[in-house]
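The values are calculated or read from the model by the stated rules, or taken from the named source; none is laboratory data. The shown structure was predicted, so the numbers you read here are calculated from the model rather than taken from an experiment. When we count neighbours, we look across all protein chains shown, and the Cβ atoms used for this are built from the backbone with ideal geometry, even at glycine. Just the protein is used for accessible areas: all its heavy atoms, side chains included, with ligands, DNA and RNA removed. Shrake-Rupley method; radii C 1.70, N 1.55, O 1.52, S 1.80 Å.
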Amino acid sequence: MLTTMKNTFPFFFFRFLTLVVLWQGAGLVFSQTTLISPTVNNGGFESGLTSWTKVDATGLNRWYVSGVSGPFAGSNAAFISNTGGTTYTYDNTSVSTSHLYQDVAVPAGETVGTLTFQLKGNGESGWDRLLVYVAPTSVTPAPNVPASSSTTLTGATLVYTQTTFPISTYTLQTVSIDLSAYAGSTVRLIFTWQNDGILGTDPPASIDNITFTSAAPITYTATALGGLWNSPATWVGGVVPPPFNDVVIPAGSVVICNQVLNYRDITVNGRLQFTTVTTSAPIHTVSRDLIVGPTGFLYCSNAAASLNQINIGRDLINNGTINAVTGVFAFNGNGNSQITGTGTFVGTGGRGVIRGLLAVNNGTFTLNQTQDITVTQQLNNTCNNFITNGKLRIDNAVDVFHDFVSQAIVSAMGSGYTTPPVVFGAAVNPWVSGGAATLNARYYHSNNVYLCTNAGTFGATPPVNTTPVTETNGTATLLWIGNLGNIG
């Protein structure tokens with residue numbers, strides 16, 4: 001859908017522009033396509049309703065575009081009015097659900113969506129509010145659907161719900177959107193106002209300066225030290241990974257997960273440990289594969305009242321160590337899924353323990369790992385085929401004893417955070433390729449701690465000994481002296 005503008009050159013330049021950004025310091029390369037912006041496809045409403053389609057409620061409250069609501073920028077904004085657009089007010093006794101939508105083409109391979117818009121207005125929490133959906137073009141919103149007591153728009157995905165009342169001045173809203181179902185096709189972006197006809201406070205919603213972009217997923221890597229997941233300092237380049245991208249935790253790095261996760265692939269070669277998040281029973285999402293490498297350790301433990309559930313779209317590949325004694329894995333993808341690998345699940349009697357195993361994918365689920373598994377609390381199978389290969393036992397009376405910390409809550413890490421969260425009983429420093437090795441200093445890599453017995457410079461590859469013998473690393477000599485403890 002093309003927008004008529006006075007200056008056609010800027011329109012065509014921006015409409016088909018793909019931004020290629022290289023962060024050399026961060027090692028991140030990504031391409032981004034602008035689908036809607038204030039100057040692309042009329043995201044600033046300066047051309048009225050051009051490129052937008054509105055579906056009016058049967059009640060009085062409907063979408064209009066003008067300067068009546070006091071736009072964030074330019075001359076126009078889109079807003080709800082009960083007087084044909086002459087006032088920025090709504091009738092809180094008139095049951096209404098009104099929609100404003102636009103279709104945009106998403107380039108193939110660009111599955112990470114970001115939506116920003118300016119919003120102001122009031123209403124009533126849980127009843128009179130702004131909603132935002134994405135949907136295929138086969139979904140055409142209808143007047144007064146959904147009813148104000150619901151957010152279900154059949155065939156569409158709800159990506160935003162207004163939860164702040166009032167928003168007295170225009171405030172930027174940012175929404176991450178999974179576009180994997182729309183890459184290479186067209187997505188319908190829908191803004192919806194609904195009110196229930198009882199109570200509610202003026203003014204209603206007003207939106208302006210909509211920007212909608214798509215991008216190909218990129219890989220975000222934790223630093224050698226790691227830290228809290230939501231801290232920019234934890235990540236190479238100083239950016240917390242946005243949802244729907246790929247994440248790698250390298251060997252030796254310790255990352256403490258203190259937020260709900262929603263990513264495509266997560267690879268753990270270091271240590272990923274969960275702590276308390278704001279959601280009482282967090283459900284994390286890995287839409288493709290969760291991979292624990294040979295040097296990786298995944299610890300699912302959390303406070304007893306708020307277990308971590310990890311939804312996995314494809315496979316759990318464990319070639320390292322996973323503690324899922326209090327963890328739940330739910331395989332909920334559209335195809336086949338499996339647990340596979342040569343690694344170890346913490347357990348007892350040689351059997352690994354998983355608290356909950358939910359096989360709810362649409363294909364076949366298979367236990368393919370080398371270790372036998374005991375499920376202690378919850379087993380749910382609604383997939384087409386459930387293949388255990390004789391490796392599954394159900395037993396709610398299993399006792400598992402640990403020799404490491406079960407739960408530690410880290411509330412903040414400030415600028416003074418300069419050492420990794422490791423436990424050894426004496427000061428240890430991370431092994432760094434090409435770094436200086438000091439006589440009698442202790443260094444660690446992955447789970448192993450070494451004593452420097454001959455000063456020098458570390459080599460390009462990390463030490464490998466796991467027995468108390470010396471080895472040469474670069475020009476330094478290192479003696480293996482033990483393993484790190486655990487914190488999480």
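Somewhere in region 97-112, is a residue at pLDDT 95 or above, over 28 Å from THR33 (Cβ atoms), hydrophobic (A, V, I, L, M, F, W, C) and buried (at least 17 other Cβ atoms within 10 Å of the Cβ)?
There is no residue in region 97-112 that is at pLDDT 95 or above, over 28 Å from THR33 (Cβ atoms), hydrophobic (A, V, I, L, M, F, W, C) and buried (at least 17 other Cβ atoms within 10 Å of the Cβ).
Among the residues that make up region 218-237, is at least one of them farther than 27 Å from ASN258 by Cβ and out of contact with any Ser or Thr (no Cβ under 7 Å at 6 or more places or on another chain)?
Looking through region 218-237, none of the residues is farther than 27 Å from ASN258 by Cβ and out of contact with any Ser or Thr (no Cβ under 7 Å at 6 or more places or on another chain).
Identify all residues within region 439-463 that are among the β-branched types (Val, Ile, Thr) and out of contact with any strand residue (DSSP E or B) (no Cβ under 7 Å at 6 or more places or on another chain); write none if there are none.
THR461
In region 267-281, which residues are modelled with pLDDT of 95 or more and either polar (S, T, N, Q) or surrounded by fewer than 20 Cβ atoms within 10 Å (Cβ to Cβ) (or both)?
Once the filter is applied, which keeps residues that are modelled with pLDDT of 95 or more and either polar (S, T, N, Q) or surrounded by fewer than 20 Cβ atoms within 10 Å (Cβ to Cβ) (or both), region 267-281 yields THR267, ASN269.
Restricting attention to region 154-162, does a residue exist that is surrounded by 19 or more Cβ atoms within 10 Å (Cβ to Cβ), closer than 28 Å to THR33 by Cβ and of a type in the set (Val, Ile, Thr)?
no
What tally of residues in region 355-364 results from selecting those that are of a type in the set (A, V, I, L, M, F, W, C), in contact with a Cys (Cβ under 9 Å, 6 or more places away or on another chain) and part of a strand (DSSP E or B)? It would help to see each step written out before you state the result.
Restricting attention to region 355-364, the residues satisfying the condition of being of a type in the set (A, V, I, L, M, F, W, C) are 357-360.
So of that shortlist, the ones also in contact with a Cys (Cβ under 9 Å, 6 or more places away or on another chain) come out as 359-360.
Going one step further and asking which of them are part of a strand (DSSP E or B), we end up with 359.
Residues meeting the conditions: 1.
Suppose we filter VAL260, VAL239 for residues that are surrounded by fewer than 17 Cβ atoms within 10 Å (Cβ to Cβ) and farther than 23 Å from PHE329 by Cβ; which single one remains?
Answer to the selection: VAL239.
Identify, please: which residue in region 339-350 is surrounded by fewer than 20 Cβ atoms within 10 Å (Cβ to Cβ) and modelled with pLDDT of 95 or more and is, among those, nearest to the chain's Cα centre (by Cα)?
Across region 339-350, the extreme among qualifying residues is THR340.
Can you tell me which residues in region 452-488 are surrounded by 13 or more Cβ atoms within 10 Å (Cβ to Cβ) and under 28 Å from VAL346 (Cβ atoms)?
PRO462, PRO463, ASN465, TRP480, ILE481, GLY482, ASN483, LEU484, GLY485, ASN486, ILE487, GLY488
Check off (1) in contact (Cβ under 8 Å) with a residue 24 or more places away in the chain; (2) within 18 Å of SER176 (Cα to Cα); (3) surrounded by fewer than 24 Cβ atoms within 10 Å (Cβ to Cβ) for PRO232 and give me the number that stays unchecked.
(1)
Can you tell me which residue is farthest from LEU272 (Cα to Cα) among those in region 311-327 that are surrounded by fewer than 21 Cβ atoms within 10 Å (Cβ to Cβ) and over 21 Å from the mean Cα position of the chain (by Cα)?
Among those residues, the one meeting the criterion is ASN319.
If you check VAL398, VAL410, VAL405, VAL432, which single one turns out to be at pLDDT below 85, within 26 Å of PRO294 (Cβ to Cβ), open to solvent by 30 Å² or more (accessible area, probe 1.4 Å) and not hydroxyl-bearing (Ser, Thr, Tyr)?
One residue alone meets the criteria, VAL405.
Out of all the residues in region 282-306, which are more than 23 Å from ASN245 (Cβ to Cβ) and either modelled with pLDDT of 90 or more or surrounded by fewer than 21 Cβ atoms within 10 Å (Cβ to Cβ) (or both)?
PRO294, ALA303, ALA304, ALA305, SER306
Filter region 98-124 for residues that are among the aliphatic types (A, V, I, L, M) and closer than 17 Å to GLN194 by Cβ and give the result.
LEU100, LEU119
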